[in-house]
Amino acid sequence: MRKQPLLWSWSVAVALMTQAAGAQQPATAAAAGETDALTDKARQLYEEGRQAAAAGKWADAHASFLAAWAIKPHYQIASNLGVACLKLGKHRDAAEYLTRYLREAPATKVNERQNAEASLKEALAKVASVTVQVTPAGAEVTVDGAVVGKAPLADRVFLAPGEHEIGAKLEGYAPATRPLAAVAGRAETVTVQLERAPVAGVGARPFVVEPAAPVAPRNELRTPLLVAGGVVAGAGIVTGVVFAVLSGNRADRAEEVRNELSGRWNGERLCPDGDVPKCRELKDAVLDEIHFSNIGFWSLVAGGTVGVGTLVYGLVTMNAEPPKPGQGARVAPLLGPGTAGVSLSGSF
């Protein structure tokens, strides 16, 4: 039997994505202190956040901590980000970050953990704390339709007061959901038991699988698919190039501002008061550089993946023959003492 071309496209796509992801692993700084696990750029944003927090500028502190967390999700950033969220009234986010800090921070940090526990207690008074128990393990857990992880979850789920829906899904099982009326300050436990999807029983009526009349032959679908793949690949590559150029421009601007600040402070540490307009411009330029670089990279990866997949599809289907009229299959369950399976008959 002839292998389907789509399998080749997916194989090439997965291989390319794996290679690109491996090329994107960030380098970490040498271990030498509290934030030594952070990259240089993340450490810089982290320090800016601490300065803003010390000055009571919690919105600026939250922005800096969040940018640092996007680069390096270190437990020390989680602690400061949780406090910033708490100060801004983002109680659900505060509970999530502080819980992660308490899960990952070493037990030797006694004072820091005590402060985090006090902040978490304050946040939990404003949200519902839900322990989600799902069977079997490995099922995807959803909250209001959004996937939050796989069972068993490492942490509790924190919800704003109101109506919510907890669900789970796993291949081979029927999906299930549970309604929940979340109450601020209350701890809840939700249990979801998935049942296996029903299978055909003994004596089930055979069903016929035949090509649907409206489906176009392979030779008629091949050209539109190749054209669409080429268009998508070209759009991804063009988008990647554009954002790569934008990232380079923002990097150049960041370097210009950094040089201006170096001259202003006579070689001392940049932005000692943390509130100079040029300092804010420098931070914006650095963040833009990161965002544009990520968008450009993944656009190039997507465009290249689609392009290679389209090329392979075109080569594999170059001499493919369209299906002949009357081809089809008859499928029926085959169950008996000591045997189980299906009966397949027809012409191919």
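The values are calculated or read from the model by the stated rules, or taken from the named source; none is laboratory data. These figures come from a predicted structure and were not determined experimentally. So basically every Cβ, Gly included, is an ideal-geometry build from the backbone, and we count neighbours across all protein chains shown. Ligands, DNA and RNA are excluded from the accessible area calculation, which covers all protein heavy atoms including side chains. Shrake-Rupley method; radii C 1.70, N 1.55, O 1.52, S 1.80 Å.
Brief remarks on what is shown
- Among (1) in a helix (DSSP H, G or I); (2) open to solvent by 50 Å² or more (accessible area, probe 1.4 Å) - the single one residue 148 does not satisfy: (1)
- The single residue among 268, 255, 260 that is open to solvent by 60 Å² or more (accessible area, probe 1.4 Å), over 16 Å from residue 67 (Cα atoms) and either at pLDDT 75 or above or within 30 Å of the chain's Cα centre (by Cα) (or both) turns out to be 255.
- Some residue of segment 116-131 being more than 19 Å from residue 189 (Cβ to Cβ), open to solvent by 70 Å² or more (accessible area, probe 1.4 Å) and within 22 Å of the chain's Cα centre (by Cα): no
- Tabulated pairs, segment 127-151, first over 18 Å from residue 173 (Cβ atoms) and among the small types (Gly, Ala, Ser), second open to solvent by less than 60 Å² (accessible area, probe 1.4 Å) and assigned to a loop (DSSP other than H, G, I, E, B), C-beta under 8 angstrom, 6+ apart or interchain: 128/160; 128/183; 128/184; 128/185
Condition check ((1) surrounded by 15 or more Cβ atoms within 10 Å (Cβ to Cβ); (2) at pLDDT 50 or above; (3) of a type in the set (Ser, Thr, Tyr); (4) over 22 Å from residue 291 (Cα atoms)) across all residues:
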{"site": "12", "(1), (2), (3), (4)": "yes, no, no, yes"}
{"site": "22", "(1), (2), (3), (4)": "no, no, no, no"}
{"site": "37", "(1), (2), (3), (4)": "yes, yes, no, no"}
{"site": "43", "(1), (2), (3), (4)": "yes, yes, no, no"}
{"site": "58", "(1), (2), (3), (4)": "yes, yes, no, yes"}
{"site": "67", "(1), (2), (3), (4)": "yes, yes, no, no"}
{"site": "78", "(1), (2), (3), (4)": "yes, yes, no, no"}
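- Test: residue 238 is modelled with pLDDT of 55 or more, part of a loop (DSSP other than H, G, I, E, B) and exposed (fewer than 14 other Cβ atoms within 10 Å of the Cβ): no
- Some residue of segment 307-325 being small (Gly, Ala, Ser) and either over 29 Å from the mean Cα position of the chain (by Cα) or modelled with pLDDT under 60 (or both): yes
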